[in-house]
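**Student:** Just dropping this structure here.
The values are calculated or read from the model by the stated rules, or taken from the named source; none is laboratory data. Keep in mind the model is a prediction, meaning the values are calculated, not measured. Glycine gets a Cβ as well: all are built from the backbone with ideal geometry, and neighbour counts include every protein chain shown. What goes into the accessible areas is simple: the full protein's heavy atoms, side chains included, and nothing from ligands, DNA or RNA. Shrake-Rupley method; radii C 1.70, N 1.55, O 1.52, S 1.80 Å.
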Amino acid sequence: MNCEEVKNQLLDYHDKALDTSTMTRIATHLISCAPCGAEANGLADCIEQVAALPNVDVPIGFTQRVMAHVRDMEDQSSIRQRWFLPWRSKLSLPATGLVLVGVLGVFLYQKEEDLKLSRKYDSVTVTVPVETGKAPSESSLAAALPSESPSKPAPKSTDSISQSLHSAAAGKSTSAKLSQPTQTKKRQTGARLEEDSVAKRPPIQVQEASNPTESGRFIGDAPSFPAFLPFGGVRHAAPRSITMERFIPSLGERVADHEFIVRRRWPQRRDQEGSLGASSVRRSTEADSAANLATPPAAPAFSVAPKFEYIAEIRFYNVAPQHFEFFKQELAAESIIESESPSTSKEEESLPTDRQLLIKVTILPAAPPEPPTSSR
Amino acid sequence: MASEAISDAEYVHRLQRGETDAFETLILRHQKTIFNLVYRMLGDYDEATEISQEAFLSAYRAIGNFRGEANFSTWLYRIALNHATTRRKNLNLRQQRNVPIENTDPLSDPHAGPVETVEKNEIRDRVQQALNSLDPEDAAVILLRDLQDVPYEEVARVLEIPVGTVKSRLHRARQALKVKLAPYFYAGRKAV
């Protein structure tokens with residue numbers, strides 16, 4: 001065995017990992033070969049010295065310090081896991097944020113849709129006060145009411161909405177309503193009326209929105225009077241000075257299925273108790289003189305001397321499709337229909353049948369009676 | 001003890017399930033081995049304390065990645081040597097910054113005189129200095145094989161090199177160490 005072979009096997013020789021015969025041959029060579037012998041002895045000493053290095057004691061409290069750090073890390077990770085998914089989850093923080101944003105967006109969209117629907121059938125009435133005894137002038141009308149573009153009777157019109165329910169009530173200063181020129185008018189209001197149980201006419205499902213005090217007067221106050229229309233129920237304005245009031249539209253747009261422009265029938269003298277009740281209205285026409293109106297009508301119980309002959313208003317009514325014709329008849333009985341839209345011929349085509357109809361009624365004040373020489 | 005009957009693999013499994021206290025048992029089992037290995041790699045007691053602690057904490061953080069394909073001790077050795085090698089490269093090993101450690105070997109000769117004790121301490125210092133001067137890879141393989149008596153196969157797994165490479169590297173490291181220690185130890189010794 002030569003020196004090169006011995007040197008290559010010295011590692012296994014020191015580990016005693018060789019077979020007996022090889023071990024003997026290497027040992028024999030190391031004895032006879034001084035350099036290989038010195039090499040082998042030097043390596044053996046190194047191994048022995050390294051192995052003889054003493055063990056060092058671990059610092060006191062080493063385990064406790066390590067475990068203290070471990071528990072600190074554990075507390076921090078548990079806080080993160082309360083807010084996010086476990087570390088094994090693959091859901092990242094950005095993905096979680098995107099999901100939350102999406103859910104919030106859907107929720108807000110649904111809320112917005114609900115708000116739109118809730119506003120659809122709110123109703124308001126525009127009131128423009130006027131001095132008692134004076135007919136509203138055109139200028140005062142124009143000044144009192146916000147100008148609006150002429151409305152189209154199409155159900156999809158997008159007129160602005162006026163607001164404010166009737167504030168007339170006992171004890172309040174009168175808020176007379178100024179008439180508004182037909183061609184400039186375009187407010188949308190809604191009104192609710194309860195169905196009347198009067199035997200004279202079948203009840204009409206209408207809805208009118210007004211303040212609670214007024215709406216009550218529409219309902220059941222006068223069995224003989226249809227709790228029908230604005231004329232009947234309203235306005236028991238006190239004969240006092242009227243303050244100017246103006247209401248700014250604040251609600252959303254309304255879309256009326258049909259629109260009427262009507263004029264009140266001239267009522268009785270204002271110093272007599274009376275109302276624009278149905279019976280009195282039916283008996284009176286535009287040609288009636290003031291003397292005729294002095295006859296007290298069969299006023300409904302709720303009626304007080306109406307002072308709304310100068311009051312114009314716009315109201316909305318929700319009417320069932322099957323009651324539309326009757327509504328129109330009653331409107332004609334109560335007032336003078338000056339115009340309506342859409343035209344009758346188109347009405348049946350355009351009016352929906354699967355929901356209540358939104359009817360817009362612009363009520364103009366009664367025209368003062370002309371001198372006896374002028375009739376109608 | 002009952003805890004000695006439970007293998008490292010079982011404690012690792014418990015730790016991965018969230019039983020933090022299982023890690024304390026693992027520390028107690030391996031702290032002496034790891035600490036001594038790191039100390040001999042760095043030659044400094046304070047440095048060894050810090051690096052050993054970091055090695056265990058690194059093992060805790062990475063315990064989820066331990067698949068059990070190798071022994072826990074093998075995996076722990078690897079982490080400890082990586083930390084020690086990184087720190088060793090940043091230290092000036094030619095200057096020992098700490099006092100030598102007292103001999104705590106229970107097998108040391110209690111009857112040795114003071115001269116012999118001083119000589120032994122001097123020899124240990126020389127050996128430590130020689131180890132400090134080796135390449136980190138050579139020092140690691142010598143300490144694992146000759147100090148810790150780790151089998152060649154496990155050394156290969158720790159260092160992630162083939163067994164043949166371990167043997168050749170070990171032979172080279174021993175040669176280098178012999179050269180550094182030759183002026184102090186071997187003089188006229190007979191071959192074994």
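**Student:** Counting only other chains, what is the mean number of Cβ atoms within 10 angstrom of the Cβ of each residue in peptide A:61-70?
**Tutor:** Values: counts 0, 9, 7, 2, 4, 12, 7, 0, 5, 10.
For this peptide, the per-residue mean of nearby foreign Cβ atoms is 6.
**Student:** Counting only other chains, what is the mean number of Cβ atoms within 10 angstrom of the Cβ of each residue in peptide B:56-63? Show your work: numbers first, answer last.
**Tutor:** Details: counts 7, 5, 0, 1, 6, 3, 0, 0.
Across B:56-63, the average partner-chain Cβ count within 10 Å equals 3.
**Student:** Using the per-residue mean of other Cβ atoms lying within 10 Å as a proxy for protection, in what order, highest first, do the peptides B:35-41, A:354-360 fall? Could you put the intermediate results ahead of the total?
**Tutor:** On the way: B:35-41: 24.4, A:354-360: 18.7.
Averaged packing, sorted descending, gives the order B:35-41, A:354-360.
**Student:** Same structure again: For B:LYS120, put the label point 7 Å out on the Cα→Cβ axis and report which residues of the range B:127-151 keep their amide N under 17 Å from it.
**Tutor:** Backbone N within reach: B:127-128.
**Student:** While we're on this one: Heavy atoms only, probe 1.4 angstrom, no DNA, RNA or ligands counted: give me B:HIS13, A:HIS258 ranked by accessible area, highest first. Please list the in-between numbers first.
**Tutor:** Numbers: B:HIS13 85, A:HIS258 0 Å².
Output order, biggest surface exposure first: B:HIS13, A:HIS258.
**Student:** Sticking with this structure for a sec: If you plug each phi of the range B:8-15 into the Karplus form 6.51 cos²θ - 1.76 cosθ + 1.60 with θ = phi - 60°, what whole-Hz ³J(HN,Hα) values come out, in order, with x for Gly and Pro?
**Tutor:** With the stated coefficients, the range B:8-15 comes to 4, 4, 5, 5, 5, 4, 5, 5 Hz.
**Student:** Convert each backbone phi in the range B:63-78 into a coupling constant with the Karplus relation 6.51 cos²θ - 1.76 cosθ + 1.60 (shift: θ = phi - 60°), then list the ³J(HN,Hα) values in order as whole Hz, x for Gly and Pro.
**Tutor:** For the range B:63-78, the Karplus curve yields 4, x, 8, 6, 9, x, 6, 10, 5, 4, 5, 4, 5, 5, 4, 4 Hz.
**Student:** Please give, to one decimal in nm, the separation of the simple spin-label points placed at A:GLU338 and A:MET73, each 7 Å out from Cα toward the Cβ.
**Tutor:** Taking the two extended label points, one gets 8.8 nm.
**Student:** Give me the one-decimal nm value for the distance between modelled label points at B:GLU137 and B:TYR184, 7 Å along each residue's Cα-to-Cβ direction.
**Tutor:** 2.6 nm
**Student:** Check A:ALA256: other-chain or 5+ apart residues with amide H under 5 Å from its amide H, H built from backbone geometry?
**Tutor:** A:SER157
**Student:** In addition: To the nearest 10 square angstrom, what accessible area does B:LEU91 show with a 1.4 Å probe?
**Tutor:** Per-residue accessible area (B:LEU91): approximately 30 Å².
**Student:** Fully extended, how many nm does the chain gain between A:LEU100 and A:GLU325 (0.36 nm per residue separation, minus their Cα-Cα distance)?
**Tutor:** Details: separation 225, 0.36 × 225 = 81.00 nm, distance 5.23 nm.
Computed gain between A:LEU100 and A:GLU325 is 75.8 nm.
**Student:** OK, next. If A:MET67, A:MET1 are ordered by their accessible area, calculated over protein heavy atoms with a 1.4 Å probe, which sequence runs from highest to lowest? Intermediate results must be reported in sequence, preceding the final value.
**Tutor:** Values: A:MET67 5, A:MET1 75 Å².
In descending accessible area the options line up as A:MET1, A:MET67.
**Student:** Same structure, new question: 7 Å from Cα along Cα→Cβ at both A:ASN2 and B:ALA9: what's the point-to-point distance in nm?
**Tutor:** Between A:ASN2 and B:ALA9, the label points sit 4.8 nm apart.
**Student:** With a 1.4 Å probe and all protein chains in place, put A:ARG264, A:ARG119 in order of accessible area, largest first.
**Tutor:** Reading off the accessible areas and sorting them downward yields A:ARG119, A:ARG264.
**Student:** On to the next question. From other protein chains only, count the Cβ atoms within 10 Å of every residue's Cβ in B:70-77, then give the mean. Walk me through the intermediate numbers first.
**Tutor:** Details: counts 0, 0, 0, 0, 0, 0, 0, 0.
Partner-chain Cβ atoms within 10 Å, mean over residues of B:70-77: 0.
**Student:** Leaving out ligands, DNA and RNA but keeping every protein chain, what accessible area does B:TYR60 have, in Å² rounded to the nearest 10, with a 1.4 Å probe?
**Tutor:** 40 Å²
**Student:** Amide H of B:GLN148: which non-local residues (sequence gap of 5 or more, or other chain) have their own amide H closer than 5 Å, using H built in the peptide plane?
**Tutor:** none
**Student:** Please work out the FRET efficiency for the pair A:ASP354 and A:TYR109, using the Cβ-Cβ distance as r and a Förster radius of 22 Å; give the result to the nearest 0.05. It would help to have the intermediate numbers written out before the result.
**Tutor:** Working: r = 25 Å, r/R0 = 1.15.
Calculated transfer efficiency: 0.30.
**Student:** Another question about this same structure. So what does B:GLU54 come to for accessible area, using a 1.4 Å probe and Å² rounded to 10?
**Tutor:** About 70 Å², ignoring ligands and nucleic acids.
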